[in-house]
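All remarks here apply to the structure that follows.
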Amino acid sequence: MTRPPIVSEQEWRSARDALLVKEKHLTRAQDALAAERRRLPMVRVDREYRFDGPDGTRGLPDLFDGRSQLIVYSFMWHGAHELCSGCAMFTDNVGHLAHLHARDVSMALVSTGPLAEIMPSKRRMGWTIPWYAAPDGAFNRDMDAGDGFAVNVFLRDGADVYRTYVTTGRGVERLGSNWTFLDLTPYGRQETWEDSPEGRPQSPPYHWWRLHDEYGS
């Protein structure tokens, strides 16, 4: 196995500083991309989808759980005995949902498998994120997941639901923290430093952050 070359502290510092310039450029580019994402138009979701959950059948508006924004991950389904390792890795890296909830964002998993197989899989993996069954596959087909996986984002205005964003393939790989998830939503992180359209909710950074059991209801 090859290893990086061994250099002096000064040489290492010089190389690190050169890379940091590129990293800062990438950070600024990602901020600009997130700002553009917040300005995307949206499309109304008129079809009534049905999702089976432990508390019965629910519609897409119900998955918001009373919040205005929703992120849905279509978890590829091969059966309870062959869980998709990539989707499982993605789900393992989802942070505590209290931090998303604090910014009015809900998150849920959706699979085409039956609920009777999904629930034991959820318990086995120790996940607390809501996981719903949509066996007819209509939601996945319409939301660019097909037989695979995708992340979709929705905004709710009363009873009306709008689709604001979708990514799949390599676009999903970079996700996995509350910050990157919030960057996908139309309201963003809702912090004052962000370049957001006029009228979007914003508050100072750091001040809204809490331990996940300190947000309250």
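List of remarks:
- Residue, farthest from Y73 (Cα to Cα), within segment 178-194, restricted to residues that are surrounded by fewer than 16 Cβ atoms within 10 Å (Cβ to Cβ) and under 10 Å from the mean Cα position of the chain (by Cα): W179
- Selected residue [under 14 Å from the mean Cα position of the chain (by Cα), modelled with pLDDT under 95 and buried (at least 16 other Cβ atoms within 10 Å of the Cβ)] from L155, L175, L109: L175
The rows are residues; the columns are (1) farther than 16 Å from F75 by Cβ; (2) hydroxyl-bearing (S, T, Y).
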position: S111; (1), (2): no, yes
position: R123; (1), (2): no, no
position: P130; (1), (2): no, no
position: A133; (1), (2): no, no
position: G146; (1), (2): no, no
position: F149; (1), (2): no, no
position: L155; (1), (2): yes, no
position: Y162; (1), (2): yes, yes
position: V166; (1), (2): no, no
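- Each residue in segment 177-217 was checked for being β-branched (V, I, T) and farther than 19 Å from R156 by Cα, and 2 pass.
- So D65, is it out of contact with any Lys or Arg (no Cβ under 6 Å at 6 or more places or on another chain), charged (D, E, K, R) and surrounded by 10 or more Cβ atoms within 10 Å (Cβ to Cβ): yes
- The residue that is surrounded by the most Cβ atoms within 10 Å (Cβ to Cβ), among those in segment 115-125 that are more than 27 Å from N178 (Cβ to Cβ) and either free of Cβ contacts under 8 Å to residues at least 40 places away in the same chain or charged (D, E, K, R) (or both), is E117.
- For the residues V7, V45, V21, V72, the requirement of being farther than 26 Å from D104 by Cα, among the β-branched types (V, I, T) and modelled with pLDDT of 95 or more singles out V21.
- Picking from residues in segment 1-47 that are under 30 Å from L60 (Cβ atoms) and charged (D, E, K, R), the one that is surrounded by the most Cβ atoms within 10 Å (Cβ to Cβ) is R38.
- Screening F90 on (1) surrounded by 21 or more Cβ atoms within 10 Å (Cβ to Cβ); (2) within 17 Å of the chain's Cα centre (by Cα) shows it passes everything except condition (1).
Every residue, every condition in (1) closer than 27 Å to E191 by Cβ; (2) in contact with a strand residue (DSSP E or B) (Cβ under 8 Å, 6 or more places away or on another chain); (3) surrounded by 19 or more Cβ atoms within 10 Å (Cβ to Cβ), yes or no:
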{"site": "V72", "(1), (2), (3)": "yes, yes, yes"}
{"site": "G79", "(1), (2), (3)": "no, no, no"}
{"site": "A102", "(1), (2), (3)": "yes, no, no"}
{"site": "A134", "(1), (2), (3)": "no, yes, yes"}
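- Qualifying positions in segment 1-37 - of a type in the set (K, R) and either part of a helix (DSSP H, G or I) or in contact with a Ser or Thr (Cβ under 9 Å, 6 or more places away or on another chain) (or both): R13, R16, K22, K24, R28, R37
- Listed by position, the strands (runs of 3 or more DSSP E) contained in segment 38-110 that have at least 3 residues being of a type in the set (A, V, I, L, M, F, W, C) and touching a helix residue (DSSP H, G or I) at 6+ places or on another chain (Cβ under 9 Å) are 69-74.
The values are calculated or read from the model by the stated rules, or taken from the named source; none is laboratory data. Every value quoted in this text rests on a predicted model; they were computed, and no experiment measured them. Heads up, the Cβs are rebuilt from the backbone with ideal geometry, glycines too, and the neighbour counts pull from every protein chain shown.
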